[in-house]
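Worksheet: one structure, shown below.
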Amino acid sequence: MALAYSEDSVWRNRDTFVTGRAEIVAFLTAKWAREREYALRKDLWAFDGDRIAVRFQYECQDTDGQWWRSYGNELWEFDEHGLMTRREASINDLAIQEKERRVFGTRPEEERGRSFPLQ
């Protein structure tokens with residue numbers, strides 16, 4: 001997955017800034033160690049030339065057992081080789097109970113092409 005990013009890719013994820021493939025790999029490794037049972041839904045919002053905007057929601061359980069639903073927007077920019085050179089993610093986290101979960105595993109075929117509801 002790391003090969004999708006340019007060597008000098010720059011990211012902002014919430015209040016964290018990372019630069020370069022090695023830092024991105026370290027960031028994602030730590031993130032996925034914290035965020036268990038991670039399930040994601042993304043919707044393409046807009047694109048133009050070498051830029052894409054997506055909206056997303058994901059759910060995960062932290063190492064203390066608390067479930068979270070995270071909402072956000074990402075802006076991506078790509079170089080002439082199709083590698084991501086910039087990613088900016090604004091994310092809001094909402095603590096939920098396990099019974100409130102609605103995002104599970106891979107997106108089923110019947111959900112594809114549809115926006116995921118906000119609530």
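Checking each residue in segment 58-105 for being polar (S, T, N, Q) and without any contact (Cβ under 8 Å) to a residue 40 or more places away in the chain picks out 61, 63, 66, 70, 73, 92, 97. Could you list, in sequence order, all residues of segment 92-111 that are of a type outside the set (Asp, Glu), over 21 Å from residue 64 (Cα atoms) and more than 17 Å from the chain's Cα centre (by Cα)? Within segment 92-111, 108 is the sole residue that qualifies. For segment 47-55, the criterion of being farther than 25 Å from residue 108 by Cβ and in contact with a helix residue (DSSP H, G or I) (Cβ under 7 Å, 6 or more places away or on another chain) is met by none of the residues.
Evaluate segment 62-69: report whether one residue or more is of a type in the set (Val, Ile, Thr), within 14 Å of the chain's Cα centre (by Cα) and outside any strand (DSSP E or B). So far as segment 62-69 goes, no, none of its residues is of a type in the set (Val, Ile, Thr), within 14 Å of the chain's Cα centre (by Cα) and outside any strand (DSSP E or B). Here residue 32 clears all of (1) in a strand (DSSP E or B); (2) exposed (fewer than 15 other Cβ atoms within 10 Å of the Cβ) except the condition numbered (1).
All told, residue 91 falls short of being in contact with a helix residue (DSSP H, G or I) (Cβ under 7 Å, 6 or more places away or on another chain) and either in a loop (DSSP other than H, G, I, E, B) or not basic (Lys, Arg) (or both). For segment 4-32, the tally of residues that are among the aliphatic types (A, V, I, L, M) and without any contact (Cβ under 8 Å) to a residue 24 or more places away in the chain stands at 6.
Filtered by the rule that a residue be among the hydrophobic types (A, V, I, L, M, F, W, C) and under 28 Å from residue 108 (Cα atoms), segment 4-24 gives a lone residue, 4. So residue 6 clears everything in (1) within 21 Å of residue 73 (Cβ to Cβ); (2) assigned to a strand (DSSP E or B); (3) not hydrophobic (A, V, I, L, M, F, W, C) except one condition, right? Which one? It fails just one condition, (1).
Which of the residues that make up segment 67-106 are at pLDDT below 95, surrounded by fewer than 16 Cβ atoms within 10 Å (Cβ to Cβ) and either within 23 Å of residue 52 (Cα to Cα) or not charged (D, E, K, R) (or both)? 104, 105, 106, listed by residue number. In the set (1) surrounded by fewer than 14 Cβ atoms within 10 Å (Cβ to Cβ); (2) within 23 Å of residue 10 (Cβ to Cβ), residue 53 fails one condition alone, (1). Summed over segment 9-29, residues that are among the basic types (Lys, Arg) and assigned to a helix (DSSP H, G or I) total 1.
The values are calculated or read from the model by the stated rules, or taken from the named source; none is laboratory data. Model, not experiment: these values are computed from the prediction. As a convention, Cβ positions derive from the backbone with ideal geometry for all residues, glycine included, and neighbour counts pool all protein chains shown.
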